Every structure is written in C-alpha cells, then in structure tokens.
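Structure, as structure tokens:
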Amino acid sequence: MKKYFDPNFGYLEDIVLPKIDKDEICGELTSLDEKLVQSTDVTKAAEAIDDFFAYEDQVSTAFSLVYIRHTIDTRNEEYGKLFDYLNEIMPAIQEREDSFRKHLLNSPLRMELEEKYGKLLFDEMELSAKTFSPAIMDDLVEENKLSSEYVRLTGSAEVEYRGEKMSLSQLGRYTSDRDRETRKEASALVTGFYADHEKEIGEIYDKMVHVRTRIAQKLGYENFLPLGYARMGRLDWDSKDADDYREKIKKYIVPLSNRIYAEQKERLGFGKDTRFYDYNVFYKSGNATPKGTPDELIAAAEEMYRQMSPIASEKFDFMVEHHCMDILAKPGKAGGGYMDYLPALKTSFIFSNFNGTSGDVDVLTHEFGHSLQGFLGGDEKIPAYRNPGMECCEMHSMSMEFLTYPYMSLFFKEDTDKYLYEHLASAITFIPYGCIVDAFQTYCYRHPDITPDERMAYWRSLEKEYLPHRQYPDNAFLEKGGYWMRQGHIFENPLYYLDYTIAQIVSLEFFLDSLEDPKKAFDKYLAFCKLGGKYSFRKLLKVANIANPMDGDTLKNVSEKIVKYLDRFDLKKIDR
C-alpha cells in the first residue's frame, strides 16, 4: 500500500500533493476488498481491515488538502479543477468502500472481528446499510437536485443596496447595524428576496418532503423520520425522545430566553415599537469587539492556552508553528469557517475569516475545540472511533468557548463583561430557535401531504411557542410564517439542527463545572475529547460523566444555575 504523507512535516502549504487518480484508488480498494474476502482466519482479515483504514487515511488527507487549498483561494485554477475532479470520482470510490464494508458485515469471521474491533463499529455500519438500496438511486439524484436548486437560488441572490450589488450574506452586516434605519432597510431587502421567491422555495421543499418520504417507504420505513435518524447515525434515541426533549426546552429554557429578550428590549428603548430586526443589536452602545490585530489575537490565544493547559498549549502552538491555520479574510477566499483533521499528517487545520468582530475570538476557541479533540482522538486506529456521533461532535467546540471565559480579558480588555454576557445570552436564546427548526421538520415529515401554506402556518405557531418576542406587525411574509425559508439546514441537512441544541446544553454544563473548579472541569473535558467515538451517544455521556440533556432534571438544573450567574451582571453599567 502506498504511503503519501509523513506526519513530520514543516509547513502545511509546502506539502507536495500526490497525483490523485480514480483508477489507482479504486484498484487499491478493490485489492483490499479481495484480500478481506479471501481471508480464512482473523489475523489475515485484520491485516486487510487495518490496511483499509490506513489507506482511507491517506486518501482522505489528500482530498482534505485539495479542499483546504481550494477554499483558501477559490480563484486558483489548479485546485479548482482538482476539487471538481474529486466530486466526479467520489461516487466510484464510495462504491468500492461500501463493497468492503458490506463484506466486512457479512464476513464468516464477524464474531471474532467484533471482539477485536468492537461491536459499535459493526452497529454503525449496519445502520448505514439501512439507508441505501439500488432501488432509490433515481430518488437520491432528485433529492440532491432539489437541494442544489435551493442552494443555487439563495446563493445567487443579488440585491442592490445604497448603490452596491450584494449577496444576502453581505447584506447581513447591515441587518445588525447600530443605525436603526439601516437595519430596517437591509432586513426588508433580505426578507423581500424570500417573499419574492416564496412560491418557488415552497415548491422545492414540498417536492423534497415527498421524495424523501418515497425513499423512506422504498426502504421499508413508515416515513422519513426513522430514515433521517439512521442517516444521522443515531443508535440510541429516536424522534419520541426528541419530542420529550423539546417539551422540556419549552418548560425550562424558553422562560429564560424570554427574560433575556425582555431585558434586551428594555435596553434598546423602543418599547412597543421594537421590531424583529432590532434584536440584531445586543447593546444600544454597540457590541463587544476584540482589541488588537489578528496577529495580536493569535498571540493572546497562545498565552491563554499556555495558562490553561500544557496539552492545549502544545497543540495550539503546533498549529501556529506549522501554518495549520488560515484565518484572515481575503479576496478569493471562501466564506465561513471550519476545522478539518488530516489523519495521515496527524494534525488539525483551522479555516476562518477574521473581520474585526467578536466572532474572530469565537472562531478561535470554537474551532480549536474541534481541533484539540481531533488531536486527542486522532491516534485511534479505527477512523470511526476518532470522533463521536453528530449529537456530540459540537460539544467539544461549544464547550471550549465557555471554558476560555476566565481569559477573555486578553482579547476584549474593557469590553470583557459585555462580551461574556452577550455570548452566554446568545447561547441560551439559540436553543429555542434550534428546537423550532427540528419541530418544524418533524411535523412536515409526519404529515408529508400538507400544503406549503399549512407549513408556513405551522412554523409561525412554533415561533409563538418558543420565541414569543418575535412580532411582525409590518411584515406580512414573516407574520405568515416565512422565516424558515432562510434556514438552509432544513433543505440540505434534514433533522440535524437539534444536535446543536444538545451540544449547547452540554457546553453550559461544562461552563457551570468550570465556575466551581476550572482545572477539574478542563481535565474532564480533555478526558471527554480522548474518548472520541468509542461509544454511542448515551453511553458516551455516561462514561464521560456528563448529564444527558434529554434525561431527568438536567435542563431544570442547568437553567436554575444559569439564572444565578446572569444575575451577577450589571447590564446598565455594561451598556454605556
């Protein structure tokens, strides 16, 4: 088996990318597949499996480097063409990988292999196998086409504002402008785009609900919900658990969220005339901003992790020294932020777009939380055990944001309290919104034949339950229930959004632990990171000694303690 990469590298940008050839990769995977099938004892089968994992690491690292370099400079033709080529050859590679896993599942040596590699690996593969059949190929093509239609429609939006043509994302900075008239105008333009395309977007989602329902029924499911959960790899909870969880959110978190919004409304001073776009401004005096250049923020982060933990410091310094971060916004660079782990190089990589807002610090802590877990779980030989399931993968990143609270003065100086309150309050108010997104999708898939107008009405009813501060007396489209059309996850990542809220609650648990004993809390966090994905959701939280947000009085206990912490802030003093 070929080995392309060496973990003892200098700078990430200097690593030579091997030639990526579909036939070579598929040939290697086919050879490993045949080796597995022909194995007559566990030793030989294990050799094939270990080689398969190692080769996957080499291929995925090559693919990640292409993606990283393409997103750093989307104008680079070489990596643009390579990225397109990867998308072209991916189905053939996945087919070879699926064949290997199918033979592994059906191996006559399965019992012995389960003992060696763990039953969870086979449980996950079995669940994944239940999400596909050749009979749904055409339906999958249609589902992807509909998703692309939505992305293309919203991504190509161009709105003229103050003499400049802008995307909806570019308009975003004006929707949170301190000047109220600017917020109003920009928000009206964003909302206007979706209102103008209400019929088109409604039809896209209607077709999407029906094709996903058809796929599910062809696979033997009653509706899309159990298939969607299987696609997400959820082994030990289902939509009934989600229903119960959302009811607890309404009981314990929504009142706290309502309090935060009521205090914000009072600070802003618009009284009964407060509109939905006004809540985009947290303080009348302006939101907290980091103090310093990007280089100074990185230096502050180095100092922060040096004080926090030798392990965290070592990994952060490694990323800085080996250029495993690209953080500045620049022409040609893709938007957003992400972390990627490159297994054959044994390093994490952080991508972001610093823009001078508090988000610059958030992305440093958030993405390094992902990165640290990548480092600590990366030594696991079995790729599936390096990272936890989708319910848990955001727990490491969101928790890191809170565990760094004692060091935020390094970044925000005199604005520290302003940042801390806003960050915590925003985390809390996000949770009810995340539940709306999940409840809406759950209802739509349980009732696939309702009309687009009925879907709109149901969304608006959820807003009144979870976010009653949202009033739209002068916007007929939003009052009708149109806000959901701007939430891309509903179209592209069905049923994923609730995972963010679960992770947010766990991050608040780590935060509360850190208030009592910062070192003990961080040691617990590191142990959680090292566990990776060796257990399914419920068992992982139990082993890590984390209270499951779905169970018992977890939400009640968290909300009561958070209220006490929020009471320590003098908001009138902060907002001046």
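The values are calculated or read from the model by the stated rules, or taken from the named source; none is laboratory data. In this text the structure is predicted, and so the values were computed from the model without any measurement. Here the Cβ positions follow ideal geometry from the backbone for every residue, glycine too, while neighbour counts run over all protein chains shown. Surface accessibility is based on the protein's heavy atoms, side chains included, excluding ligands, DNA and RNA. Shrake-Rupley method; radii C 1.70, N 1.55, O 1.52, S 1.80 Å.
State whether the residues of the range 223-239 include one that is in contact (Cβ under 8 Å) with a residue 24 or more places away in the chain, over 22 Å from the mean Cα position of the chain (by Cα) and under 30 Å from residue 474 (Cβ atoms).
No, the range 223-239 has no match at all.
Report yes if residue 395 is over 23 Å from residue 121 (Cβ atoms) and either open to solvent by 30 Å² or more (accessible area, probe 1.4 Å) or in contact (Cβ under 8 Å) with a residue 60 or more places away in the chain (or both), otherwise no.
Here the answer is no, as residue 395 does not meet what is asked.
Within the range 270-323, how many residues turn out to be closer than 30 Å to residue 476 by Cβ, of a type outside the set (D, E, K, R) and assigned to a helix (DSSP H, G or I)?
5
Going by the conditions given, is residue 492 farther than 22 Å from residue 149 by Cα and surrounded by fewer than 22 Cβ atoms within 10 Å (Cβ to Cβ)?
The answer is no for residue 492.
Take the residues in the range 110-131 that are over 31 Å from the mean Cα position of the chain (by Cα) and of a type in the set (Asp, Glu), then tell me which one is nearest to residue 38 (Cα to Cα).
Result: 112.
With the requirement that a residue be acidic (Asp, Glu) and under 13 Å from residue 189 (Cβ atoms), what does the range 131-168 give you?
Matches in the range 131-168: 158, 160, 164.
Scan the range 528-537 and tell me whether some residue there is without any contact (Cβ under 8 Å) to a residue 60 or more places away in the chain and surrounded by fewer than 19 Cβ atoms within 10 Å (Cβ to Cβ).
no
Can you work out which of the residues in the range 120-141 that are closer than 15 Å to residue 232 by Cα, of a type outside the set (Phe, Trp, Tyr) and outside any helix (DSSP H, G or I) is least open to solvent (accessible area, probe 1.4 Å)?
Restricting to residues being closer than 15 Å to residue 232 by Cα, of a type outside the set (Phe, Trp, Tyr) and outside any helix (DSSP H, G or I), the top hit is 131.
Taking the range 461-486 on its own, how many of its residues are under 16 Å from residue 434 (Cα atoms), part of a helix (DSSP H, G or I), open to solvent by 10 Å² or more (accessible area, probe 1.4 Å) and among the charged types (D, E, K, R)?
3
Just checking, does the range 503-520 include any residue being in a loop (DSSP other than H, G, I, E, B) and surrounded by 19 or more Cβ atoms within 10 Å (Cβ to Cβ)?
No, that holds for no residue.
Residues 203, 185, 181, 222: which one is in a helix (DSSP H, G or I), under 24 Å from residue 137 (Cα atoms), open to solvent by 30 Å² or more (accessible area, probe 1.4 Å) and not basic (Lys, Arg)?
Unique residue meeting the criteria: 203.
All but one of (1) surrounded by fewer than 20 Cβ atoms within 10 Å (Cβ to Cβ); (2) in a helix (DSSP H, G or I) hold for residue 449; which doesn't?
Result: residue 449 passes all but (2).
Output the residues belonging to the range 279-323 that are touching a residue at least 60 places away in the same chain (Cβ under 8 Å), touching a Lys or Arg at 6+ places or on another chain (Cβ under 7 Å) and open to solvent by less than 40 Å² (accessible area, probe 1.4 Å).
Within the range 279-323, 281, 283, 285, 286, 288 qualify.
Residues of the range 358-396 being of a type in the set (Val, Ile, Thr), out of contact with any Pro (no Cβ under 8 Å at 6 or more places or on another chain) and over 17 Å from residue 506 (Cα atoms), which ones?
Answer for the range 358-396, where residues must be of a type in the set (Val, Ile, Thr), out of contact with any Pro (no Cβ under 8 Å at 6 or more places or on another chain) and over 17 Å from residue 506 (Cα atoms): 363, 382.
Does residue 99 fit the bill of being farther than 13 Å from residue 25 by Cα and among the small types (Gly, Ala, Ser)?
The answer is yes for residue 99.
Does residue 169 meet the test of being assigned to a helix (DSSP H, G or I) and in contact with a helix residue (DSSP H, G or I) (Cβ under 6 Å, 6 or more places away or on another chain)?
It is false that residue 169 is assigned to a helix (DSSP H, G or I) and in contact with a helix residue (DSSP H, G or I) (Cβ under 6 Å, 6 or more places away or on another chain).
Please count how many residues of the range 188-200 are open to solvent by 40 Å² or more (accessible area, probe 1.4 Å) and either in a helix (DSSP H, G or I) or farther than 26 Å from residue 279 by Cβ (or both).
The number of residues fulfilling the criteria is 6.
Identify the single condition in (1) acidic (Asp, Glu); (2) in a helix (DSSP H, G or I); (3) open to solvent by 40 Å² or more (accessible area, probe 1.4 Å) that residue 551 does not satisfy, given that it satisfies every other one.
(2)
Restricting to the range 12-47, what's the tally of residues that are among the charged types (D, E, K, R) and within 13 Å of residue 103 (Cα to Cα)?
Looking only at that region, the number is 3.
Could you run through the range 241-269 and say how many residues are under 30 Å from residue 551 (Cα atoms) and either of a type in the set (Phe, Trp, Tyr) or not in a helix (DSSP H, G or I) (or both)?
Total meeting the criteria: 4.
For the structure I just gave you, tell me whether residue 406 is open to solvent by 10 Å² or more (accessible area, probe 1.4 Å), in a loop (DSSP other than H, G, I, E, B) and closer than 24 Å to residue 501 by Cα.
Against the criterion (open to solvent by 10 Å² or more (accessible area, probe 1.4 Å), in a loop (DSSP other than H, G, I, E, B) and closer than 24 Å to residue 501 by Cα), residue 406 does not qualify.
Since residue 413 meets every condition but one in (1) under 23 Å from residue 504 (Cα atoms); (2) surrounded by fewer than 22 Cβ atoms within 10 Å (Cβ to Cβ); (3) among the charged types (D, E, K, R), which condition does it not meet?
Residue 413 satisfies every listed condition except (1).
Consider residue 248 carefully, then state whether it is free of Cβ contacts under 8 Å to residues at least 12 places away in the same chain and charged (D, E, K, R).
Taking the combined requirement at face value, the residue does not satisfy it.
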